[in-house]
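Here the structure comes first, spelled out in structure tokens, and everything after it is commentary.
The values are calculated or read from the model by the stated rules, or taken from the named source; none is laboratory data. Every value quoted in this text rests on a predicted model; they were computed, and no experiment measured them. All Cβ positions, even for glycine, are placed from backbone atoms using ideal geometry, and neighbour counts span all protein chains on display.
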Amino acid sequence: MRIIFLLFCFCLSVENGIAQTPVGFPDTPSITEKSVGRAQIGMTLAKLKVLYPGCTFTPTHLARYGFDDYDSKPNGVTVSYGKQKLFVYFSDWQTRKKIVCLIALHPAYQTVQGIHVGSTSGQLKAKLPAIKVVPNMIMQDIEIAFVGENSDLSTNYVFFRQGNVGKYVVADEPVRITALNAKISWIQVYPH
């Protein structure tokens, strides 16, 4: 009887999207409106490096994630643990000392609704019925899904090279998700 109860509890936790830390994953597997894992918006870069010992910090161009890249040098940093890419961050433009954006790359990170990199557009639509999607004006291969009036809100779900996730009439007009099998490429936390 105890085994049946334990199996029931395990199935219930998986079904409800409770974040379980995968074996060998070096971080807290959650995404909030202000954090990816232990990394938080507003955190200093010095504190970030203390929280992620054993990780590598590799410069990366933000253009690959649909942001303007003004300089020829990379403006973002990819944080990896071994061969696992965890997330990308970029700092404020003036001081370069605090995190202003986080981009979750690893599928172990998930929102309270259980949405993660690799979740389908259908799963996203089922969990967040008010979700809308719009093409990125900088990179046409990117579509951004969000809840609210515009994509300037803090949590955005990004589809890279997925075709049309929505049926667009006007290029920059958000529409409801119509394709249900596109997979989320990354999740960005970028409060404005």
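Quick notes on this structure:
One line per residue, one yes/no per condition, for (1) under 21 Å from T78 (Cβ atoms); (2) at pLDDT 90 or above; (3) out of contact with any Lys or Arg (no Cβ under 6 Å at 6 or more places or on another chain); (4) not acidic (D, E):
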| site | (1), (2), (3), (4) |
| --- | --- |
| H116 | yes, yes, yes, yes |
| G122 | no, yes, yes, yes |
| A126 | no, yes, yes, yes |
| P129 | no, yes, yes, yes |
| P135 | no, yes, yes, yes |
| G163 | no, no, yes, yes |
| A171 | no, no, yes, yes |
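- Number of the exception - V133 against (1) assigned to a loop (DSSP other than H, G, I, E, B); (2) in contact (Cβ under 8 Å) with a residue 40 or more places away in the chain: (1)
- Residue within region 144-155 that is in contact with a Leu (Cβ under 9 Å, 6 or more places away or on another chain), closer than 26 Å to A39 by Cβ and surrounded by fewer than 18 Cβ atoms within 10 Å (Cβ to Cβ) present: yes
- Subset of region 35-51 (residues that are under 17 Å from the mean Cα position of the chain (by Cα) and of a type outside the set (G, A, S)): V36, R38, Q40, I41
- Single residue of region 137-161 satisfying the filter (β-branched (V, I, T) and assigned to a loop (DSSP other than H, G, I, E, B)) that is modelled with the lowest pLDDT: I138
- Among the residues of region 83-95, just one is under 18 Å from S35 (Cα atoms) and basic (K, R), namely K85.
- Considering residues of region 26-61 that are in contact with a Phe, Trp or Tyr (Cβ under 6 Å, 6 or more places away or on another chain) and in a strand (DSSP E or B) only, the residue nearest to C101 (Cα to Cα): V36
- Condition check for L86 on (1) touching a strand residue (DSSP E or B) at 6+ places or on another chain (Cβ under 9 Å); (2) part of a loop (DSSP other than H, G, I, E, B): one failure, at (2).
- Qualifying residue in region 109-127 (condition: farther than 19 Å from I177 by Cβ, of a type outside the set (A, V, I, L, M) and either touching a residue at least 40 places away in the same chain (Cβ under 8 Å) or in a strand (DSSP E or B) (or both)): yes
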